[in-house]
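The block underneath contains the structure these notes are about, expressed in structure tokens.
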Amino acid sequence: MAQKDAVIGEPTLCKMDEYHGDSNMEASQAPERIIGACGGIADALRSVAKSESWSLHGVYLHTAQLFSVEDQTALCRPSSPLLDCGRDHTDKRFTDDVQKEEPFQLKFESKYIKSSVPLYQEYWLKCMKADLQKVQHKRLADLVASQCLPQLSVPTASSPVPVQSPPGRYVAPYALWQELPEVKEKRLLHSLTASKVRLQEAMFELIISETSYQKSLQVAVGLFQGSAELKHILSPVENHVLFSNLKEVCRISEGFLLDLETRLGQNVVMSTVGDIVLRHRAAFRRVYVPYVTNMMYQEALVAKLLQENKRFALTVKKLEKDPVCRRQTLKSFLVLPFQRITRLRLILENILKRTDEHSTDVCNLKEAIEAVHEIVVECDNNVQRMKRTEELVSLEKLMDFGSVKSIPLIISGRYLIQAGALKKLTVKSYYTSGSAVSRTDIYLHLFNDLLLLSHKNGQRFSVQDHAVFPAHVRVEELKTQILGLPSDAFLLHLTKNRSKTSTAIILAAQTRQEREVWVHNLSKKGTTGV
């Protein structure tokens, strides 16, 4: 995908979800302040793995396929009429779309996987825990071996190592390839080497995990999105924002799973799966990119409705008590596509690691892994663009240019690098007592192509000057001791400011570290946005 991620004037990270299973998970603590481009899908996944929770960090999203540019920027603002949309504000085209919408038919039933397969939330969490345990145990084993057992060699195994499921998959026996009736009937475990059995288990994990994913998607679409009560409570716009293109995600998953099971049906000892992933990569991109990049609005809307709409909160709570949910929340179902597209690459990498280097599937697997990676990167880039755009939207509302000629802040490719308060120093000379230094507050907003200097009044900013960055911005060191200035002072040159003249001001930071950050950022060359 994860928040939040809600408003960008003072963006905070918001928890997307938390596992409600047998284990008690502690929600990870969110960072307090983010400036510029940070976070993203990769960071979100690492945060989830590290905290063993369902927190989705740093994911900002947009509704490119649902709204115009004006609607998108309005949607993420707290006072947005779109998030406050009632029936009276509903655009007729959305009402028509809902009226024409055909019932979603769930047709797929696995031929090989028992109905007891867990929901993807349970499967995913077990995998994440197992991955963490594997890393922790490896580090501990390496530490012990290097510090305590340097003279001991590894003994030779006296008996064959039993073949188990792939690393990171601690699930019930129904999820093992070797438990399939066809495998037992043909006594394949006696004719295949341990390495080939492990490869089959790795390939089968792609099928079992997609089956689990499809099961959860069907609950999300059938129970929640298909709820007549929820449709009555939500306006058409809210329904679109909440569920996005989830039905299409479910259909694509169903087609992918059908092809995987067809391959297994052709030969229970599978030789290739990479080509199947490549066959579906265009469809994956078509559905996952818009879904993941829409999740910020989805999360903001859920939070708003749960807080302000009692009917919605009660209805969701009632639906979550349905046995098919297995105590999972609506939020946990909405985050599924993000979890799946990021996990898919790990599964493919495990298959590649166990595939013979001379296999014809190696090239396909490598290309499939890269294709999935490109989808995640595209999601990440879209997330960053929307974070930056939302930050600009929020800031522009707070800027007062007054007598200064106003300039538009919302420009494609622009993003905020750093913002903060500094002290503007003015040296006043006296004939009798030397000189004195006066201090006034000044606030800087440094973008990748623009520098704003303002006075802060409450939550608003009165712009005093601005200059193109980095072309007309220069920083100089000062001999502070000789000049009698604070050690954290530096000179800022605007070679061409708002009046098209040159000016210079002395600025001072509160700490040496803050000064170093400002000097570094003000001195570097400008960069363009993603």
> Can you work out D for the range 290-405 in µm² s⁻¹ from Stokes-Einstein, where Rh is the Kirkwood radius over C-alpha pairs, the temperature is 37 °C and the viscosity is 0.692 mPa s?
Replying inline: 181 µm²/s
> Based on the mean of other beta carbon atoms within 10 Å per residue, what is the order of 468-474, 446-452, most packed first?
Replying inline: 446-452, 468-474
> Within the accessible area of the range 358-471, what % is carbon and sulfur when the probe is 1.4 Å and the other protein chains stay in place?
Replying inline: 52 percent
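Highest mean first, how do 307-320, 327-340, 384-397 rank when packing is the count of other Cβ atoms within 10 Å averaged over residues?
327-340, 384-397, 307-320
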> Suppose R0 equals 45 Å; then what is the FRET efficiency for Glu476 and Lys321 from their Cβ-Cβ distance, rounded to the nearest 0.05?
Replying inline: 0.10
> What is the Cα centroid distance between the range 239-264 and the range 267-319, reported in whole angstrom?
Replying inline: 9 Å
> Any idea how many Lys pairs in the range 374-530 come in under 14 angstrom at the alpha carbon, given 8 or more places apart or on separate chains?
Replying inline: 4
> Taking H as built 1.01 Å from N, whose amide H comes closer than 5 Å to the amide H of Asn448, not counting residues under 5 places away?
Replying inline: Tyr415, Ile417
> Using the Karplus equation 6.51 cos²θ - 1.76 cosθ + 1.60 (θ = phi - 60°), what ³J(HN,Hα) coupling, rounded to whole Hz, does each residue of the range 506-518 give in order, writing x for Gly and Pro?
Replying inline: 9, 10, 9, 9, 7, 9, 5, 5, 4, 4, 4, 5, 5
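The values are calculated or read from the model by the stated rules, or taken from the named source; none is laboratory data. All values reported here derive from a predicted model rather than from experimental measurement. Virtual Cβ from ideal backbone geometry, glycine too; neighbours counted across all protein chains shown. Protein only, heavy atoms only, side chains kept; ligands, DNA and RNA dropped before computing areas. Shrake-Rupley method; radii C 1.70, N 1.55, O 1.52, S 1.80 Å.
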